[in-house]
Amino acid sequence: MDTNFITRSKWKTYADLLTRPSWTAFVTAWNAKDANASLNLPVTSNNFKDLVHGIHAGKDRTTPLADARFFQNTLTLLDFTKVGFPGILKSCETCHNAGTYGAPAANALASTYEANNGTLASPADVAAALGTVPNTSDRITTPYAAACVSCHDSSVAQAHMGGIQGVGGNGGQIKVLRSAMVTPPGAAETCALCHGPGGIVDVAKVHSK
Ligand code: HEC
Ligand code: HEC
Ligand code: HEC
């Protein structure tokens, strides 16, 4: 129970974990062997680009991904503050083919961060909300911003993309209510103008410097 399944390293102490304040409730629930301990962690998207970028960005993120799974009666904490990428993170072509990662696919959906039907008081409510996605009160991130913010999560970078939970000048929407999303998803995102192929800060070029 006290082993990180990725690093195989033992946690020093639970007190160590408590130094991350937002985890206090989680650790209390964990110590109580509460199967719902993970409900105290911030939600994260399991949408593949958000999740895989977020995992591999590991400790490089301003706020590294944290997640927990309760599976086969075992609670596993996934703490990416302890994980480094065994390669060059900005080398997109470690995973992507050339020419395929400059922008999200046309018609890409927004990433769902939190399924929320307005009532999230118990685990059963969470399951019900997951069953009725899309809900107007889900939290979503628009497609282009989602691809980038999954690594570039500093508040300055988020403000550049569009503002945390808002629509700023560049049109990215990060963790906004689905009811506030500009439709179709990403319609307001102007990122490709500068970051698309041939733009002044072409994604392929900035990451190959
Ligand atoms: C560890 C592997 C990995 C690395 C490294 C990686 N990506 Fe990704 N990326 C993914 C996965 C997985 C997806 C989701 C693919 C899917 O859903 O079909 C994705 C999706 C994307 C998408 C959306 C593409 C689409 O078709 O909608 C963009 C844009 C993107 N990545 C940009 C980047 C950039 C820029 C870099 C380098 C700075 C990068 N990625 C590095 C794994 C990676
Ligand atoms: C897999 C993680 C990852 C993804 C996804 C990613 N980047 Fe980066 N990006 C990096 C890393 C690492 C660097 C280099 C930072 C450094 O050298 O300090 C970088 C550098 C940059 C730079 C150069 C300025 C700087 O901060 O060094 C820009 C601009 C940039 N990225 C834009 C984007 C955009 C736009 C997207 C989305 C399409 C994106 N990135 C997606 C990891 C990523
Ligand atoms: C008008 C041009 C322009 C538009 C539009 C634009 N960007 Fe940028 N972006 C830039 C420039 C310039 C930089 C700084 C590059 C550098 O430092 O080398 C930057 C930097 C970034 C970075 C790197 C931040 C970091 O951590 O250093 C990310 C990520 C990014 N943009 C994502 C986006 C996204 C997502 C959108 C759309 C929602 C967007 N940008 C729209 C010009 C633009």
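The values are calculated or read from the model by the stated rules, or taken from the named source; none is laboratory data. Computed from a predicted structure; not experimentally measured. Positions of Cβ are backbone-derived with ideal geometry, glycine not excepted, and every protein chain shown enters the neighbour counts.
Of note:
- Cβ pairs under 7 Å, 6+ apart, first in the stretch 168-197 and at positive phi, second within 6 Å of ligand 3 (Cβ to nearest atom) and in a helix (DSSP H, G or I): 186/144
- Test result for residue 138, in the same structural domain as residue 189 (by TED's automatic domain parsing), within 15 Å of ligand 1 (Cβ to nearest atom) and at pLDDT 90 or above: no
- For the stretch 99-116, the set of residues classified as farther than 30 Å from residue 200 by Cβ and modelled with pLDDT of 90 or more consists of 112 only.
- Residue in the stretch 141-159 that is surrounded by 14 or more Cβ atoms within 10 Å (Cβ to Cβ), modelled with pLDDT of 95 or more, within 11 Å of ligand 1 (Cβ to nearest atom) and of a type in the set (Phe, Trp, Tyr) present: yes
- Among (1) within 16 Å of ligand 3 (Cβ to nearest atom); (2) farther than 28 Å from residue 84 by Cα - the single one residue 107 does not satisfy: (1)
- Listed conditions (1) in the same structural domain as residue 201 (by TED's automatic domain parsing); (2) surrounded by fewer than 16 Cβ atoms within 10 Å (Cβ to Cβ); (3) in contact (Cβ under 8 Å) with a residue 40 or more places away in the chain are all met by residue 98, apart from (1).
- Residues satisfying the stated conditions in the stretch 182-201, i.e. more than 7 Å from ligand 3 (Cβ to nearest atom) and within 23 Å of the chain's Cα centre (by Cα): 182, 183, 184, 185, 186, 187, 188, 192, 196
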